[in-house]
Amino acid sequence: MDTARRGETTTMTVPGPQAPRTRNDAEIVLAAEDLWLIYPTAEQPSLRGVTFRARAGEFIGITGPSGAGKSTLLACLQGLVPRSVTAETTGSVRVFGHDVLTGTLGADGSRIGLVLQDAEAQIVGMTVAEDLAFGPENYGVPPAEIRRRISRALAAVGLDGMAGRDTYALSGGQKQRLAIASVLMLEPDVILLDEPTSELDPVGKAEVFEVVDRLRRESATTIVMVEHELDRLAAMADRILVVDQGRIAADGTPAELLADVALFLRTGGERPPAAAELDWRLRSAGIPLDDEPSTDLVTVLARITALAEKHA
Amino acid sequence: MSEPLIQVRDVEFRYPGHSPVLHGVDLTIDRGEFVALLGQNGAGKTTLAKHFNGLLTPTKGQVLVGGKPTSALSLTELARQVGYCYQNPDHQIFAPTVDKEVRFGPDNLGLPDAAELADRALALVGLTAQREANPFVLGRGQRQLLAVASIIAMDPPVLVVDEPTTGMDLAGAERIMRLLASWVADGRTIIVITHDMDVVAEFIPRSVVMAHGEVLADGPTEHVLRRSDLLPEARLLAPPAITVSDELSRFGVGRCGTIRDVADDLVHILGGRDAGRV
């Protein structure tokens with residue numbers, strides 16, 4: 001069962017001698033300091049004092065209810081505010097050290113890529129190859145290098161041999177993988193993903209998660225992923241932030257976060273994992289389950305079984 | 001007593017020159033039922049549902065709505081009978097304001113109380129305050145609610161809703177499902193196409209499982225989601241509430257649709273501090 005792997009995957013799938021993904025001395029690539037943001041026609045700020053840092057190579061999951069400010073935060077990190085997305089801000093956002101609220105990313109713009117919820121909204125080419133070439137052509141990358149990158153990017157998202165396909169004929173999962181490949185064409189150091197699986201069917205979701213997980217394992221890319229599928233996110237992320245009403249409501253390891261069932265029930269963003277919810281509800285009713293709260297279904301069921309057998 | 005509202009009789013459907021997308025489908029939906037259509041993409045769910053409002057007509061067999069074959073009914077007559085909410089609200093929304101979007105359907109059908117119907121639909125989905133807004137400034141979840149409102153404003157006795165909770169957070173999904181459940185409690189018939197098994201187990205009493213153009217299983221959700229012999233063939237996974245309550249059934253846990261219900265049962269069995277609702 002999926003839940004049985006949760007929390008262990010990050011350490012278990014990366015074999016021994018490799019250096020840990022995140023070092024405390026790694027470069028801070030993204031930083032927001034006491035960031036407040038209000039849109040022109042809004043009555044309430046969308047972000048209220050957000051402080052957050054991502055180090056090179058980290059995988060950060062962001063979750064929380066609709067309208068909490070998750071996409072707004074990504075738009076800031078991508079450097080879209082205030083030039084492309086108009087809003088008033090205080091505080092600061094630094095991307096690769098550039099203050100993007102007052103200046104631009106300059107030549108570092110190609111080092112950060114964004115994948116959106118709606119795959120179709122970001123596909124511009126008639127064919128897969130045309131779509132992939134669009135970004136690097138704009139940056140003046142030579143054609144031979146573009147061809148090399150196309151085969152690398154397609155391999156990375158499992159679409160090998162599909163360069164000639166018409167983009168409209170791709171499945172939802174394939175379109176979203178193409179969107180990720182388009183971002184990879186610029187060889188970014190940071191990839192931001194804004195609910196890339198939320199409009200996909202279960203097969204498409206699984207395809208995209210597999211691609212993101214491979215990226216996590218096989219490259220040094222910093223990844224920030226907004227996602228409602230908690231189990232899948234927890235299996236990949238080094239840290240998870242819960243955003244609620246424009247604030248960071250929680251910031252911790254997946255294990256710490258998933259155990260906080262009350263937080264998820266309060267914010268209404270995601271369904272808490274079944275094991276964590278069951279464990280929490282029983283404890284709240286005074287059922288004496290041993291040890292630490294668990295988010296692992298096998299463990300929780302074993303504890304309940306032991307208790308029920310004793311009771312009978 | 002049960003009154004058959006939609007009858008699908010040995011239906012085959014194929015696009016010209018292709019192999020059948022549906023074959024041998026038999027299904028009867030009674031007035032007042034709340035039904036989930038389950039199955040992976042390509043299983044034939046949407047193709048079948050498009051037969052209910054006459055968007056498609058069978059290449060073999062018959063679909064009856066209110067006792068009449070859809071081939072003998074006009075699209076207008078069918079539109080009054082069967083409302084259809086698309087998966088992507090943006091494929092459906094076109095008016096410049098929320099209010100105009102919801103008014104369009106009842107006005108178009110010439111319903112005398114169009115304004116009232118529109119007001120009631122907006123109130124039901126909680127969008128009254130946004131009535132003057134442009135639909136595209138609403139969030140995705142609100143656009144989904146607007147799409148549903150614009151269909152229920154026509155007051156159809158049957159509603160087909162394609163993936164109502166896709167792209168929604170938990171609070172939004174529960175809100176829309178409670179809304180649909182209340183609509184059923186008022187005597188309407190609702191067919192929901194969905195992949196969200198947690199939602200099915202919690203809210204929808206009858207489930208129809210489709211795979212490769214056929215009906216694989218049909219019955220009460222609590223039975224269908226326990227068909228471990230059939231679900232893998234449809235590439236479906238029972239939600240945790242079902243598997244957990246089965247695992248614990250030997251201690252007296254009942255057939256639960258939510259983890260909250262499992263916890264409630266366990267608290268009664270094990271005698272927790274508060275043996276009421278957790």
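Under the √(5λ) rule applied to the eigenvalues of the Cα gyration tensor, what semi-axes describe the equivalent ellipsoid of chain B? Give them in Å, descending. Please report the intermediate quantities before stating the final value.
On the way: eigenvalues 205, 139, 52 Å².
Semi-axis lengths for chain B are 32, 26, 16 Å.
Over the C-alpha trace of the range A:220-312, radius of gyration and Dmax come out as 15.0, 53 angstrom. Among the listed pairs B:LYS45/B:LYS68; A:LYS70/A:LYS205; A:LYS205/B:LYS60; A:LYS70/A:LYS175; A:LYS205/B:LYS45, those with a Cα-Cα distance over 26 Å are A:LYS205/B:LYS60. Simple point charges give the picture: +1 on the Cβ of Lys and Arg, -1 on the Cβ of Asp and Glu, and for the protein assembly as shown a dipole about the Cα centre of about 360 debye. Given R0 = 41 Å, the distance between the Cβ atoms of A:HIS98 and B:SER182 translates into a calculated FRET efficiency of 0.20. Provide, for q = 0.20, 0.28, 0.32, 0.33 Å⁻¹, the log10 of I(q)/I(0) from a solvent-free Debye sum over equal Cα point scatterers in the range A:57-97. Each listed q corresponds, in turn, to -0.73, -1.13, -1.20, -1.22. Shown here are the Rg and Dmax of the Cα trace of the range B:110-212, at 14.1, 44 Å. Using only alpha carbons, the range A:31-157 has a radius of gyration to Kirkwood radius ratio (Rg to Rh) of 1.01.
About its Cα centre, the dipole of chain A is roughly 280 debye, where the only charges are +1 on Lys and Arg Cβ and -1 on Asp and Glu Cβ.
Return an integer: the convex hull volume of the alpha-carbon atoms of the range A:99-191, in Å³ per residue.
Details: hull volume 9.3 nm³, N = 93.
Spread over its residues, the Cα hull of the range A:99-191 gives 100 Å³ apiece.
From the alpha carbon centroid of the range A:106-168 to that of the range B:128-205 is 36 Å. The modelled label-to-label distance between B:ARG120 and B:ALA95, using points 7 Å beyond Cα along the C-beta direction, is 1.6 nm. Helical content of chain B, expressed as a calculated mean residue ellipticity at 222 nm, amounts to -10500 deg cm²/dmol (DSSP H runs of 4 or more residues, -39,500 (n - 2.57) each, divided by residue number, nearest 500). For chain B, a simple Cβ point-charge model (Lys and Arg +1, Asp and Glu -1, everything else neutral) yields a dipole of about 240 debye relative to the Cα centre. Summary of packing: across the peptides A:169-177, A:287-295, B:76-84, the per-residue average of other C-beta atoms within 10 Å ranks them, highest first, as A:169-177, B:76-84, A:287-295. Placing one equal scatterer on every Cα of the range B:119-278 and applying the Debye formula, the log10 ratio I(q)/I(0) at q = 0.13, 0.17, 0.19 Å⁻¹ is -0.74, -1.06, -1.18. In this calculation the C-beta distance from B:GLN62 to B:HIS268 is compared with R0 = 60 Å, giving a FRET efficiency of 0.75.
Got a sec? How would A:PHE52, B:PHE94, A:PHE59 order by Cβ neighbour count within 10 Å, fewest to most?
Values: A:PHE52 20, B:PHE94 11, A:PHE59 25.
The fewest-first ordering by Cβ neighbours comes to B:PHE94, A:PHE52, A:PHE59.
Each part reduced to its alpha carbon centroid, the range A:45-79 and the range B:213-264 end up 37 Å apart.
Quick check on the range A:237-281: take the gyration tensor over C-alpha atoms, sort the square-rooted eigenvalues as a ≥ b ≥ c, and tell me if it's rounded (a/c under 1.5), prolate or oblate.
Values: a/c = 2.38, a/b = 1.30, b/c = 1.83.
Oblate shape, in that a/c is at least 1.5 and b/c is the bigger or equal ratio.
Listing B:HIS51, B:HIS268, B:HIS91 from fewest to most neighbouring C-beta atoms within 10 Å gives B:HIS91, B:HIS268, B:HIS51. For the residues of A:276-289, the average number of beta carbons from a partner chain within 10 Å of their own beta carbon is 6.
The Cα-based radius of gyration of the protein assembly as shown, divided by its Kirkwood radius, gives an Rg/Rh of 0.97. The mean number of Cβ atoms from other chains found within 10 Å of a Cβ in peptide B:261-270 is 5, as a whole number. Across all C-alpha atoms in the range B:177-270, the radius of gyration and Dmax reach 14.3, 46 Å.
Got a sec? How would B:VAL8, A:VAL124 order by Cβ neighbour count within 10 Å, fewest to most? Provide the component values of the computation, followed by the final result.
On the way: B:VAL8 20, A:VAL124 11.
Final ranking by Cβ density, sparse to dense: A:VAL124, B:VAL8.
For the range A:262-312, the C-alpha radius of gyration divided by 2.2 N^0.38 Å, with N the number of residues, is 1.20. Can you work out the base-10 log of I(q)/I(0) for chain A at q = 0.06, 0.07, 0.11 1/Å, using the Debye formula on its C-alpha atoms alone? Evaluating at q = 0.06, 0.07, 0.11 Å⁻¹ gives log10 I(q)/I(0) of -0.22, -0.30, -0.73.
With each label modelled as a point 7 angstrom along the Cα→C-beta vector, the B:THR28-B:LEU55 pair spans 2.7 nm.
Let me know the mean shielding of B:247-260 by other chains, meaning the per-residue number of their Cβ atoms within 10 Å of its Cβ. If you can, show how the numbers build up before the last one.
Details: counts 4, 5, 0, 4, 7, 2, 2, 0, 0, 0, 0, 2, 12, 4.
Per residue, the number of nearby Cβ atoms from other chains is 3 on average.
Put a dot 7 Å past the Cα of A:GLU130, heading toward its Cβ, do the same for A:GLN245, and the two dots end up 4.9 nm apart.
Calculate the all-directions average of the projected area of the range B:13-106's alpha-carbon convex hull, and give it in nm².
Working: hull surface 30.9 nm².
The Cα convex hull of the range B:13-106, projected and averaged over all directions, gives 7.7 nm².
Both radii come from the Cα set of the range B:71-156: Rg as radius of gyration, Rh as Kirkwood radius; their ratio Rg/Rh reads 0.97. The spacing between the range B:13-62 and the range A:248-312, judged by their C-alpha centroids, is 41 Å.
With the gyration tensor restricted to C-alpha atoms of the range A:159-259, the semi-axes of the equivalent ellipsoid amount to 27, 15, 12 Å, longest first.
Read-outs: derived from the displayed coordinates by stated rules, not from any lab. Owing to the predicted nature of the structure, the values given are computational and were not obtained by experimental measurement. Backbone-built Cβ (ideal geometry, glycine too); neighbour counts: all protein chains shown.
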